[in-house]
Structures are given as structure tokens and as C-alpha cells.
Amino acid sequence: MKKPEPAPGLVIRYDYLWRDEAMRGRQEGAKDRPCAILVARQVREGKDMHVLLAPITHSQPSNPKAAIEIPPGVRQHLGFDDARSWIITAELNSVAWNDPGIVPARPARWDYGFLPPKLVTSLIDRVREQQRRALKIVDRTGDISPGGQQVNDDWREH
């Protein structure tokens, strides 16, 4: 089974590391979960692709501006259960595409599928709003400069 090329809107399975877990010294997420790719780019020539991932959860966020609910039709398209799900926009993981924490979503398949383009655009816009407030990025690549990553217009290329 060949791993797909990373692209904005692709939903994968990853051992997402929440910021509070990272602050307590954890190196890996407590469990694998669906995550949406926001951006995929080569940080340096000759290096592996890096992706920014937004976690997907069943837990309703306390701050509605910190997440986007996934519509029922999209949940069905991705093969999720009927329970409500949210894409968290207040924190992200920065990950190398070859990270061993990225695992197949299902037997014989690396991904769940793609989010609709309008939802991807809304997701990126919401992350940009969070960036102005308190966006948290957990760097799991070791390659982010001290200034961190920014969500800018070149992220819209998808």
C-alpha cells in the first residue's frame, strides 16, 4: 500500500500530541486519531515534506470559535461514525510526512478521504483567526524556526 502525497484537506490517522500533553513532557500522543492536513510543503530543498495537522475529536469544544463541526454528510463520506465531530482550530501539530505516527486509517488504506474545498477554506480561515489570538503549534519535526510557523496566503494553494 502506497502512502498518498500530502495535500490540504486530506484526512489521515496520526498520534496527535495535544499541547497540554507536550507541556507535561509527552513525546507521543495518547492515541491515534483522525487529523486534517491544513498545509503540506517542503520546508527546505531536499528535505521531507512537512504538514500542519488539525485534530478531529468527538469532544465538543468549550469555545465554539476554536473548532468547526464536521457536517453529517462529510462524516459519512469519510467513513466516520454518526457521533458529532469537530476539527480543532486552536492548536495544530507540525509533522514530517515520514513520521512513523502517521498510520493507515483503515486496512489497506492510508486516509479517510478529503474534506470538501469549502470546508478546507473555512478551516484555514478559522486557524488564521486563532493565530491572531492564541494559536498553539506543537512542533514534532524539530525544524521550526524560533519565530514559529504562520498561516499565510501561500497555504491556500490547494
Unmet criterion (only one of (1) out of contact with any strand residue (DSSP E or B) (no Cβ under 9 Å at 6 or more places or on another chain); (2) under 23 Å from Gln131 (Cα atoms); (3) among the polar types (S, T, N, Q)) for Gln42: (1)
Any hit, region 25-43, residues being part of a strand (DSSP E or B), at pLDDT 90 or above and exposed (fewer than 15 other Cβ atoms within 10 Å of the Cβ): no
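Take the residues in region 1-21 that are crowded, with 18+ Cβ neighbours inside 10 Å and either outside any loop (DSSP other than H, G, I, E, B) or among the aliphatic types (A, V, I, L, M) (or both), then tell me which one is modelled with the lowest pLDDT.
Leu17
Rundown of residues vs (1) of a type outside the set (Phe, Trp, Tyr); (2) surrounded by 16 or more Cβ atoms within 10 Å (Cβ to Cβ); (3) under 13 Å from Pro55 (Cα atoms), yes/no style:
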residue	(1), (2), (3)
Trp86	no, yes, yes
Thr89	yes, yes, yes
Leu92	yes, yes, yes
Asp99	yes, yes, no
Pro104	yes, no, no
Ala108	yes, no, no
Arg128	yes, yes, no
Arg132	yes, no, no
Count of region 58-72 residues which are in contact with a Phe, Trp or Tyr (Cβ under 7 Å, 6 or more places away or on another chain), surrounded by fewer than 17 Cβ atoms within 10 Å (Cβ to Cβ) and of a type outside the set (Asp, Glu): 2
Lone qualifier among His77, His50 - being in contact with a Gly (Cβ under 8 Å, 6 or more places away or on another chain), surrounded by 13 or more Cβ atoms within 10 Å (Cβ to Cβ) and farther than 16 Å from Leu123 by Cα: His77
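The values are calculated or read from the model by the stated rules, or taken from the named source; none is laboratory data. Owing to the predicted nature of the structure, the values given are computational and were not obtained by experimental measurement. For neighbour counting, all protein chains shown are included, and Cβ atoms are generated from backbone atoms with ideal geometry for every residue, glycine included.
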